[in-house]
Amino acid sequence: MNLAGHEVRSTFRVIAPVAHALISFKFYPLASREENMRSGLALSFLALSFMATTSGVNAQHAMLTDQQLMRNLRGAAPQYILDHATILNMGSDGKMKVIKQGDNGWTCMDPGGAPMCADKAAMEWAEAWQAKGPAPQKLGFIYMLRGDNGTSNTDPYATKRTPDNNWVKTGSHVMIVGGEAKTMMEGYPRDAKPDPKKPYVMWPGSPYEHLMIPVK
């Protein structure tokens with residue numbers, strides 16, 4: 001992982017939790033047809049929620065052909081993740097659809113120009129965030145190696161920049177989410193307006209606080 005400009009000690013502090021997260025991944029088999037249908041509805045809801053909240057871009061601007069989507073996803077996560085992930089895209093009717101069913105427990109999408117891939121635990125975390133429910137304890141991981149379009153660091157439900165909502169745009173990064181990530185956050189900045197070139201805690205103090213780790 002290239003964290004140019006950081007001292008060796010700082011680099012170790014960043015890599016250590018990421019390595020822990022990587023070895024904690026669990027890969028899930030394909031579910032039954034009924035479970036897939038329920039999961040598809042949940043994923044559609046979550047993808048639309050990501051689009052509204054994490055990208056700062058109106059959904060109508062995010063319509064992509066399946067071919068465009070696949071191009072946009074290149075480089076958003078390691079290729080071995082993309083090759084076996086479930087891929088979501090929005091149709092002309094405004095509904096999310098599964099264009100490729102995966103078998104590794106990961107879901108990839110491009111919410112408004114912010115392509116990402118999330119594991120199963122991260123999708124469950126996102127569902128809790130959108131429902132304003134208790135944050136799951138399970139460790140979740142999200143790749144956004146092509147960066148994001150900006151989001152509020154103090155309001156988890158903001159959809160656009162305002163003068164006082166501490167909008168921050170982060171380049172290539174990964175996110176570690178869930179209750180089990182809280183111990184990893186110790187010692188990292190919890191500023192309302194963080195430096196996005198260094199690891200920081202997003203949405204600090206909220207039930208959905210999580211660790212943002214730039215990788216370039």
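The values are calculated or read from the model by the stated rules, or taken from the named source; none is laboratory data. Being a predicted model, the structure only gives us computed values, none of them experimental. Glycine also receives a Cβ, built like all others from the backbone with ideal geometry; neighbour counts cover every protein chain displayed.
Going residue by residue through the range 192-201, is there one that turns out to be farther than 27 Å from ASN89 by Cβ, assigned to a loop (DSSP other than H, G, I, E, B) and small (Gly, Ala, Ser)? Within the range 192-201, one or more residues are farther than 27 Å from ASN89 by Cβ, assigned to a loop (DSSP other than H, G, I, E, B) and small (Gly, Ala, Ser).
Screening GLY105 against (1) surrounded by 17 or more Cβ atoms within 10 Å (Cβ to Cβ); (2) over 13 Å from the mean Cα position of the chain (by Cα); (3) farther than 28 Å from ASP66 by Cβ leaves a single unmet condition, (3). Taking (1) in contact with a strand residue (DSSP E or B) (Cβ under 7 Å, 6 or more places away or on another chain); (2) outside any strand (DSSP E or B); (3) not basic (Lys, Arg) in turn, PRO111 satisfies each apart from (1).
Contact map, the range 108-134: residues that are under 19 Å from ASN89 (Cβ atoms) paired with residues that are aromatic (Phe, Trp, Tyr) and modelled with pLDDT under 90, Cβ distance under 6 Å, separation 6+ or inter-chain. Pairs shown: PRO111/PHE50. Tallying residues that are at pLDDT 95 or above, under 13 Å from ARG146 (Cβ atoms) and over 16 Å from the mean Cα position of the chain (by Cα) within the range 70-93 yields 0.
Quickly run through the range 122-169 and pick out the residues that are among the acidic types (Asp, Glu), closer than 21 Å to GLY105 by Cβ and either surrounded by 18 or more Cβ atoms within 10 Å (Cβ to Cβ) or at pLDDT 95 or above (or both).
The answer is GLU124, and nothing else.
Among all positions in the range 81-91, there is at least one residue which is surrounded by fewer than 18 Cβ atoms within 10 Å (Cβ to Cβ) and assigned to a loop (DSSP other than H, G, I, E, B). The residue that is nearest to the chain's Cα centre (by Cα), among those in the range 147-166 that are over 11 Å from MET202 (Cα atoms) and in contact (Cβ under 8 Å) with a residue 40 or more places away in the chain, is ASP148. From the list MET90, MET144, MET185, MET202, the lone residue that is more than 20 Å from GLN68 (Cα to Cα) and either among the basic types (Lys, Arg) or in contact (Cβ under 8 Å) with a residue 40 or more places away in the chain (or both) is MET202.
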